[in-house]
Amino acid sequence: MSTVTVPLGERSYDVVVGAGARHELARLVAATVPGARLAAVVTQSAIGVEVDPGVPVVRCEVADGEGAKSLTTVEDLCRRFAEAGLSRGDVVVAVGGGVVTDLAGFAAATYHRGVAYVNVATSLLAQVDAAVGGKTGVNLPEGKNLVGAFWQPAAVVCDTDVLVTLPEREWRSGRGEMAKYAFLGHAVAEGEVPEPLELLGLALDEQVARCVAVKAAVVAADEREGGRRAVLNYGHTLAHALEAVGFEDRGGRSGGLRHGEAVAVGLVFAAELAHRLGRVDARRVEEHRQVVVAFGLPTTLPGGVEPANLVELMRRDKKAHHDLTFVLDGPRGVELVHGVGPDAVLATLEAMERTS
Ligand SMILES: NC(=O)c1ccc[n+]([C@@H]2O[C@H](COP(=O)([O-])OP(=O)(O)OC[C@H]3O[C@@H](n4cnc5c(N)ncnc54)[C@H](O)[C@@H]3O)[C@@H](O)[C@H]2O)c1
Ligand SMILES: [Zn+2]
């Protein structure tokens with residue numbers, strides 16, 4: 001078991017990673033929310049991960065899927081908190097993937113103008129990404145994550161044992177984010193930056209801890225996303241465009257891409273674009289492919305997507321401020337690059353291999 005600290009001054013907290021880490025929950029709650037007399041455990045019926053926060057529990061189930069990440073669910077949760085008598089000094093415990101941690105975190109941020117919460121991340125994506133960093137929120141019909149708050153957890157638990165029940169598709173989605181972190185090693189280390197391929201050779205709990213350490217370093221440098229934190233969107237500009245044209249997987253049934261799979265394609269695209277712009281050499285592009293392939297993820301654009309349409313969607317990406325902005329690799333590592341020429345973007349997309 002290992003502990004990664006997210007160093008944020010008085011909002012600092014520990015992320016405990018490893019097999020059986022969920023059994024640390026009571027200790028973490030006692031240490032970080034010592035006044036808690038009641039815990040509201042927010043989870044989903046399919047998850048089935050039992051936790052003991054060391055204080056009496058009121059269990060609050062939310063529905064599965066992105067549709068549950070709504071203001072309506074937040075109202076339901078807060079009403080259940082109130083009915084149960086959850087007070088300012090008590091604690092919310094999120095037990096689930098990113099949908100649950102985003103929802104429970106946002107409910108905790110607003111209930112009584114802010115109560116403590118602890119994330120027990122049960123999906124790989126939540127362990128390496130969603131549960132760490134304090135971004136909480138819900139969707140509106142007008143767009144994803146449009147309403148939210150920065151509200152840091154008091155602690156995070158990433159128990160790799162609970163991943164045994166995670167569906168294969170969700171593993172793939174989490175591995176897409178892991179592939180992203182393989183290229184962000186410069187965020188944690190100056191000089192001796194770990195090679196991207198090194199991540200592949202580590203045991204799962206070490207891989208998760210490495211990814212969390214990268215996220216912690218980036219968040220510590222830019223808690224409220226003023227700039228540096230944008231590197232966490234590596235591979236995401238194309239991924240969001242692919243999701244917008246309907247290639248996202250809805251409910252695991254279609255042949256579409258799960259978020260992390262879209263990120264994987266986005267990483268290969270970003271490397272190709274950086275190469276075309278003279279920022280990285282062909283060897284670095286090959287490294288991107290190797291990591292993505294080794295994680296069992298796609299490198300090709302879905303057949304049927306129109307490159308010009310993707311360029312237009314990427315222009316509207318929320319990071320872009322109406323020009324084409326990408327997170328790109330280069331001599332200083334991965335960074336935000338504004339004002340990329342549309343011709344280079346289009347040519348890169350057109351040169352990419354297609355899935356038939
Ligand atoms: N706040 C952030 O910084 C941040 C970062 C990345 C993603 N997100 C958000 O995270 C969400 C995606 O998270 P996700 O990929 O974890 O999806 P998710 O929460 O929907 O979980 C995926 C599926 O796996 C199930 N599941 C979770 N743990 C399980 C387990 N141990 N065993 C069996 N089934 C399990 C869930 O019930 C769900 O059906 C999105 O809403 C995204 O916006 C937030
Ligand atoms: Zn992502």
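The values are calculated or read from the model by the stated rules, or taken from the named source; none is laboratory data. A quick note: this is a predicted structure, and the numbers were derived from the prediction, not measured. Don't worry about glycine lacking a Cβ; one is built from the backbone with ideal geometry, like all the others, and counts go over all protein chains shown.
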Please verify whether region 231-248 includes one or more residues that are among the charged types (D, E, K, R), outside the structural domain of residue 349 (by TED's automatic domain parsing), at pLDDT below 95 and farther than 21 Å from residue 17 by Cβ. no
Does residue 292 fit the bill of being hydrophobic (A, V, I, L, M, F, W, C), at pLDDT below 95 and under 22 Å from residue 173 (Cβ atoms)? no
Selection count, region 133-172, where residues are assigned to a helix (DSSP H, G or I) and out of contact with any strand residue (DSSP E or B) (no Cβ under 9 Å at 6 or more places or on another chain): 8
For region 148-170, enumerate the residues that are β-branched (Val, Ile, Thr) and surrounded by fewer than 17 Cβ atoms within 10 Å (Cβ to Cβ). 164, 165
Tell me, please, whether a residue that is within 12 Å of ligand 1 (Cβ to nearest atom) and farther than 25 Å from residue 224 by Cβ can be found in region 89-110. yes
Could you please give the count of residues in region 179-212 that are under 16 Å from residue 18 (Cβ atoms) and either within 16 Å of ligand 1 (Cβ to nearest atom) or out of contact with any Lys or Arg (no Cβ under 9 Å at 6 or more places or on another chain) (or both)? 10
One residue from 343, 329, 317 being in the same structural domain as residue 271 (by TED's automatic domain parsing), without any contact (Cβ under 8 Å) to a residue 24 or more places away in the chain and not hydroxyl-bearing (Ser, Thr, Tyr): 343
Residue 225 is checked against (1) modelled with pLDDT under 95; (2) more than 16 Å from ligand 2 (Cβ to nearest atom) and fails just one. What number does that condition carry? (2)
Condition check: at pLDDT 95 or above, within 15 Å of ligand 2 (Cβ to nearest atom) and touching a helix residue (DSSP H, G or I) at 6+ places or on another chain (Cβ under 6 Å). Does residue 272 satisfy that? no
Identity of the residue in region 1-22, in contact (Cβ under 8 Å) with a residue 60 or more places away in the chain and either of a type in the set (S, T, N, Q) or assigned to a helix (DSSP H, G or I) (or both), that ends up nearest to residue 207 (Cα to Cα): 2
Just checking, which of 188, 214 is aliphatic (A, V, I, L, M), modelled with pLDDT of 95 or more and outside the structural domain of residue 131 (by TED's automatic domain parsing)? 214
Residue among 285, 305, 292, 280 that is of a type in the set (A, V, I, L, M) and over 23 Å from residue 199 (Cα atoms): 305
Say we look at region 24-54 and pick out the residues that are crowded, with 16+ Cβ neighbours inside 10 Å and of a type in the set (S, T, N, Q); which of these is farthest from the chain's Cα centre (by Cα)? 32
Out of 271, 262, 308, report the one residue that is surrounded by fewer than 18 Cβ atoms within 10 Å (Cβ to Cβ) and not assigned by TED's automatic domain parsing to the domain that holds residue 125. 308
